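Here, each number is a calculation from the coordinates, and none is a lab measurement. Fair warning: this is a prediction, and the values are worked out from it, not measured in the lab. Ideal geometry is used to build each Cβ from the backbone, glycine not excepted, and the neighbour counts take in all protein chains shown.
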């Protein structure tokens, strides 16, 4: 196995920062190679091999941190492993990269609810309602799912969130 010294790591990090690139670009890994890994990770996930899927999705986000699909896969594997805190973070990155995709916002809300954090769950659903397309099949589907989850969360969490938003808008 090839040893990497700290100077090489520092040079690689500097290149990443200066060029706003990914590890994939830095190491010359192709999209096809990453998609092959994704296919295997997805297969592991679909067959309930969540630990194996988790490891591969971690690899994928390390090599291409700008790919929302990889972050979603990581979040799904973490959620399946009941690592709800990290799953919510992964879904957050996915949402940041693709705001109009309601799936990570809904699943983040599920994770926050599993953690007992109704306020954050409400916030995730508010983001879904804000950015989710209204006039598409997926938009209608996920808005309906969000409405059902909203009932589980309870209106108190949404009222608390609205109060916080009102306070912050006055500042």
Which residue pairs have Cβ atoms closer than 6 Å, lie 6 or more positions apart in sequence or on different chains, and pair a first residue in the range 72-101 that is closer than 22 Å to residue 46 by Cβ with a second residue that is not in a helix (DSSP H, G or I)? 84/115
Mind checking whether some residue in the range 62-80 is under 22 Å from residue 162 (Cα atoms) and crowded, with 24+ Cβ neighbours inside 10 Å? no
Taking the range 116-146 and keeping only residues that are buried (at least 20 other Cβ atoms within 10 Å of the Cβ) and not in a helix (DSSP H, G or I), one is left with 132
Can you find even one residue in the range 14-34 that is surrounded by 16 or more Cβ atoms within 10 Å (Cβ to Cβ), within 20 Å of residue 128 (Cβ to Cβ), touching a helix residue (DSSP H, G or I) at 6+ places or on another chain (Cβ under 6 Å) and touching a residue at least 40 places away in the same chain (Cβ under 8 Å)? no
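Table: residues versus (1) farther than 21 Å from residue 109 by Cα; (2) within 13 Å of the chain's Cα centre (by Cα).
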{"position": "37", "(1), (2)": "yes, no"}
{"position": "58", "(1), (2)": "yes, yes"}
{"position": "71", "(1), (2)": "no, yes"}
{"position": "75", "(1), (2)": "no, yes"}
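Given the residues 161, 149, 113, 66, which is the only one that is touching a residue at least 40 places away in the same chain (Cβ under 8 Å) and in a loop (DSSP other than H, G, I, E, B)? Explain how you work it out, then say what you get.
Working: 161 fails: in a loop (DSSP other than H, G, I, E, B); 149 fails: in a loop (DSSP other than H, G, I, E, B); 113 fails: in a loop (DSSP other than H, G, I, E, B).
Just one listed residue meets the conditions, 66.
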